[in-house]
Amino acid sequence: MSRIFLLAAFIFAGIATLAQQDPKAKEILDKVTQATQAYKSIEATFSFEMENKKQNIKEANNGSIILKGNKYKVHLNELGVEVYSDGKNIWTYMAEANEVSISEFSSENEDMMDPSKVFTIYQSGFNYKFVGEETLSGKSIYVIDLFPQNKDFNYSQIKVHIDKTKMLICSAIMQGKDGNVYTVKVDQFKTDKPYSDSFFVFDPSKHPNIEISDMR
């Protein structure tokens, strides 16, 4: 599930031996950040796919993400999982089990696990390279490859596709070291819809007989 978070997060912002970052890639990523951070809120629906050709595995899912500053809500439909954060706490609700776990939001959490950092995550911990321009589903896009500087991460590369006209990320592909390939594509993207702060707080009263695991 963490990998879904990571790629969903990228939707909404040479190799490791390179001594310097690619200036063309940085210029484009900075424009994406500026464009998206100007919005009061961001709402996106996405489709997610995991494929391992060697093991003949292919799984599909879809979900939605809503961002407002450092607050977020993620819903993974087929998995029946909802994740809320008000910037102080994180609630992870499993619908099938009717249980929620609560943890404290920490600045020490990995940025890549924090969807609110989606559009600035590239600024630290990655090398990035401008690959070129392509046409995807009739759209002109920029292609940028990101490479984690931490060699212990269980993925080797993230390929990001950016709509050249809107300067918004439209898809991302993560190559896992285990042979799994994770792809997220944006289906819809809406901005500036008003959300109250309470929207990002899980309300257990709406779920009778819920089991609560408070780890704060």
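The values are calculated or read from the model by the stated rules, or taken from the named source; none is laboratory data. What you see is a predicted model, and the numbers here were worked out from it, not measured in a lab. Heads up, the Cβs are rebuilt from the backbone with ideal geometry, glycines too, and the neighbour counts pull from every protein chain shown.
Within the range 11-30, residues that are within 21 Å of residue 171 (Cα to Cα) and at pLDDT below 85 have Cβ atoms under 8 Å from residues that are in a helix (DSSP H, G or I) and not hydroxyl-bearing (Ser, Thr, Tyr) in these pairs: 12/115; 13/29; 13/32; 13/121, counting only partners at least 6 apart in sequence or on another chain. Applying the condition of being among the charged types (D, E, K, R) and part of a loop (DSSP other than H, G, I, E, B) to the range 25-71 and asking which residue is surrounded by the fewest Cβ atoms within 10 Å (Cβ to Cβ) yields 54.
Kindly indicate whether residue 201 is within 20 Å of residue 76 (Cβ to Cβ) and either in contact with a Leu (Cβ under 6 Å, 6 or more places away or on another chain) or among the basic types (Lys, Arg) (or both). No: the conditions fail for residue 201. Taking the criterion of being of a type in the set (A, V, I, L, M) and within 22 Å of residue 36 (Cα to Cα), the residues of the range 49-79 that qualify are 65, 66, 67, 74. If you go through the range 31-80 and keep only what is acidic (Asp, Glu) and modelled with pLDDT of 85 or more, you end up with 43, 49, 51, 59.
Residue by residue, here is whether (1) in a strand (DSSP E or B); (2) touching a helix residue (DSSP H, G or I) at 6+ places or on another chain (Cβ under 9 Å) holds:
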{"position": "135", "(1), (2)": "yes, no"}
{"position": "142", "(1), (2)": "yes, yes"}
{"position": "156", "(1), (2)": "yes, no"}
{"position": "160", "(1), (2)": "yes, yes"}
{"position": "165", "(1), (2)": "no, no"}
{"position": "173", "(1), (2)": "yes, yes"}
{"position": "195", "(1), (2)": "no, no"}
{"position": "199", "(1), (2)": "no, no"}
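May I ask you to list the residues in the range 132-146 that are under 16 Å from the mean Cα position of the chain (by Cα) and at pLDDT below 90? Within the range 132-146, 146 is the sole residue that qualifies.
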